[in-house]
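S.K.: One structure, as C-alpha cells, below. Some questions next.
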Amino acid sequence: MTETLPEVAVSDASPEIAAIYERIMETTGVGSPALIYRHFAVYPGLLEWVWDTVGPELESGRVIAHALDAVRRTDVVPLPPVAADEIRAAGVDAAAHRMVDAILATYNRMNPVNLSLITAVRDLIDPAADPVAASPLPEVPDAPAATPRKLPAPVNLDDMPNHVRETVLALSAAIPSPGTQVIPTLYRHLAIWPDFLTRLAPALLDAMQRGEVEARMDELNTNMKPLIADVIARARSAAAPPLDDPAAMVRTLDAFLYTIPQLVVVGTALRAAIPAYDA
C-alpha cells in the first residue's frame, strides 16, 4: 500500500489544535481544515507557528479577496457536463447533491487561499529561498461571505473498495511525491459516493494527460504571484519554525505547491461540469 502523509484529523485534535482548525474554517468560510494544516499539526508547535505567521493575513480578509480574484482570471478546463439524471444514477440523491455542492464550495474557496499562504510558509522555512519583491496590490472586490458547512469525514484510502482506491491513486499520481504520497482530501470526500467519483475521473484524467490542467495551473500561478509576494513580504518577521529537519518539510511543501494549484483547476472544472442542486 502506498504510504500516505500523516495528519491529525479534526476528531483527534487537541484543544489547542482544534481551536486553530476552527479559526481557519471560520475565517475562510469552509467546512474542513485543509490537509496541509492537518499535516502541520503532526509536528509539535508547527501549526501554532504557521498560524502566528500567516493567520493575521488570513483573518484580514484581503488574502481571500485577492486569491479568488486570481481564480476568476484563470480559464476553466472544460469537462463534459454531468446531467442531473446521471448524478442520481451514480448514487447521489438530493441530500448528497447538496453536500457535493458544499464540498466543492469548501475546496474552491480554501485552495486558492492556501496557495498564497503555504507558498509564504515554504519560503520562510527554507533558508535558501530567494528574496521576493512585493509591490502594491490593486483594489479587488471583497470576497463574498460564506458560512462554513460541516463536511462528513473523508474516506480513508484503506477503507475504499479496490477500484475506488485505484481511481483515487490514479488521480493523485500526477502529483510529484516527496516520499509519501499526497492524496488530496477532495478525492477522499468524493469517494463517499464511489460511483460518482468513478464517473468523474476519466474526464479529469484525460484533461491531465492532454496537458490542459497543467496549462491552467501555469496561468493560475502567474495570476497569484503578486498576492504571494505580498504575503511573503508581510510575514518576513516570523520567528524560526520549530522543525528538526526543515529541508524535509520544504520537500513536502514543494509537493503541496504542485497539488494546490492542480486542485484549484480541478475544483473549478468540476464546479462548471456538475450542476448545482436546484430544488
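The values are calculated or read from the model by the stated rules, or taken from the named source; none is laboratory data. Small disclaimer: the values here were computed from a predicted structure and weren't measured. Neighbour counts are summed over all protein chains in view; Cβ atoms, including those assigned to glycine, are modelled from backbone coordinates with ideal geometry. Protein only, heavy atoms only, side chains kept; ligands, DNA and RNA dropped before computing areas. Shrake-Rupley method; radii C 1.70, N 1.55, O 1.52, S 1.80 Å.
S.K.: If a residue has to be surrounded by fewer than 20 Cβ atoms within 10 Å (Cβ to Cβ) and either of a type in the set (Ser, Thr, Tyr) or part of a helix (DSSP H, G or I) (or both) to count, how many in the range 200-228 make the cut? Quick ask: steps written out before the conclusion?
M.R.: As a first pass, look at the range 200-228 and keep what is surrounded by fewer than 20 Cβ atoms within 10 Å (Cβ to Cβ): 201-203, 205-206, 208-212, 214-215, 218-219, 221-223, 225-226.
With either of a type in the set (Ser, Thr, Tyr) or part of a helix (DSSP H, G or I) (or both) added as a condition, the list becomes 201-203, 205-206, 208-209, 212, 214-215, 218-219, 221-223, 225-226.
Residues that pass the stated criteria total 17.
S.K.: Taking only the range 168-196 into account, find how many residues are out of contact with any strand residue (DSSP E or B) (no Cβ under 7 Å at 6 or more places or on another chain), of a type outside the set (Gly, Ala, Ser) and modelled with pLDDT of 85 or more.
M.R.: 15
S.K.: Would you confirm whether or not the range 237-256 contains a residue that is surrounded by fewer than 21 Cβ atoms within 10 Å (Cβ to Cβ) and in contact with a His (Cβ under 6 Å, 6 or more places away or on another chain)?
M.R.: So far as the range 237-256 goes, no, none of its residues is surrounded by fewer than 21 Cβ atoms within 10 Å (Cβ to Cβ) and in contact with a His (Cβ under 6 Å, 6 or more places away or on another chain).
S.K.: Among (1) in contact with a helix residue (DSSP H, G or I) (Cβ under 7 Å, 6 or more places away or on another chain); (2) touching a residue at least 60 places away in the same chain (Cβ under 8 Å), which single condition is residue 170 missing?
M.R.: Condition not satisfied by residue 170: (2).
S.K.: Which of the residues spanning the range 229-279 are assigned to a loop (DSSP other than H, G, I, E, B) and in contact (Cβ under 8 Å) with a residue 40 or more places away in the chain?
M.R.: 235, 236, 238, 239, 241, 242, 243, 274, 275, 276, 277, 279
S.K.: With the condition kept exactly as written, say whether any residue in the range 153-165 is surrounded by fewer than 16 Cβ atoms within 10 Å (Cβ to Cβ), in a loop (DSSP other than H, G, I, E, B), over 18 Å from the mean Cα position of the chain (by Cα) and not small (Gly, Ala, Ser). Talk me through it step by step, then tell me what you get.
M.R.: So the first thing to find is which residues in the range 153-165 are surrounded by fewer than 16 Cβ atoms within 10 Å (Cβ to Cβ), and the list is 153, 156, 158-159, 161-163.
Restricting the remaining residues to those that are in a loop (DSSP other than H, G, I, E, B) gives 153, 156, 161.
The next check asks that each one be over 18 Å from the mean Cα position of the chain (by Cα); those that pass are 161.
Keeping just the survivors that are not small (Gly, Ala, Ser) gives 161.
Within the range 153-165, one or more residues are surrounded by fewer than 16 Cβ atoms within 10 Å (Cβ to Cβ), in a loop (DSSP other than H, G, I, E, B), over 18 Å from the mean Cα position of the chain (by Cα) and not small (Gly, Ala, Ser).
S.K.: Another question about this same structure. Only one residue in 132, 140, 168, 182 is open to solvent by less than 60 Å² (accessible area, probe 1.4 Å), farther than 25 Å from residue 254 by Cα and of a type in the set (Val, Ile, Thr), so which one is that?
M.R.: Every option except 140 fails the conditions.
S.K.: What number goes with the only condition from (1) assigned to a helix (DSSP H, G or I); (2) surrounded by 15 or more Cβ atoms within 10 Å (Cβ to Cβ) that residue 195 does not pass?
M.R.: Only one criterion in (1) assigned to a helix (DSSP H, G or I); (2) surrounded by 15 or more Cβ atoms within 10 Å (Cβ to Cβ) is unmet by residue 195, namely (2).
S.K.: From the list 100, 63, exactly one residue is part of a helix (DSSP H, G or I) and either over 21 Å from residue 221 (Cβ atoms) or small (Gly, Ala, Ser) (or both). Which is it?
M.R.: 100
S.K.: List every residue pair whose Cβ atoms sit under 6 Å apart, with the two residues 6 or more apart in sequence or on different chains, where the first one lies in the range 45-74 and is under 15 Å from residue 19 (Cα atoms) and the second, anywhere, is open to solvent by less than 40 Å² (accessible area, probe 1.4 Å) and not in a helix (DSSP H, G or I).
M.R.: Final answer for the pair search is 47/41; 49/241.
S.K.: Restricting the search to the range 26-50, which residues are among the aliphatic types (A, V, I, L, M), buried (at least 20 other Cβ atoms within 10 Å of the Cβ) and within 16 Å of residue 5 (Cα to Cα)? Even if it seems obvious, please write down each step before you answer.
M.R.: Step one: of the range 26-50, the residues among the aliphatic types (A, V, I, L, M) are 30, 34-36, 41-42, 46-47, 50.
Checking which are buried (at least 20 other Cβ atoms within 10 Å of the Cβ) leaves us with 30, 34-36, 41, 47, 50.
Hits for the range 26-50 are 34, 35, 36, 41, 47.
S.K.: Now a separate question. Let me spell it out: the conditions are (1) loosely packed, with under 13 Cβ neighbours inside 10 Å; (2) within 16 Å of the chain's Cα centre (by Cα), and residue 78 meets all of them except one. Which number is the exception?
M.R.: (2)
S.K.: To continue, here is another question. Quick one: count up the residues across the range 51-68 that are over 16 Å from residue 29 (Cα atoms) and open to solvent by 30 Å² or more (accessible area, probe 1.4 Å).
M.R.: The number of residues fulfilling the criteria is 2.
S.K.: Going by the structure shown, is residue 55 assigned to a helix (DSSP H, G or I) and not acidic (Asp, Glu)?
M.R.: yes
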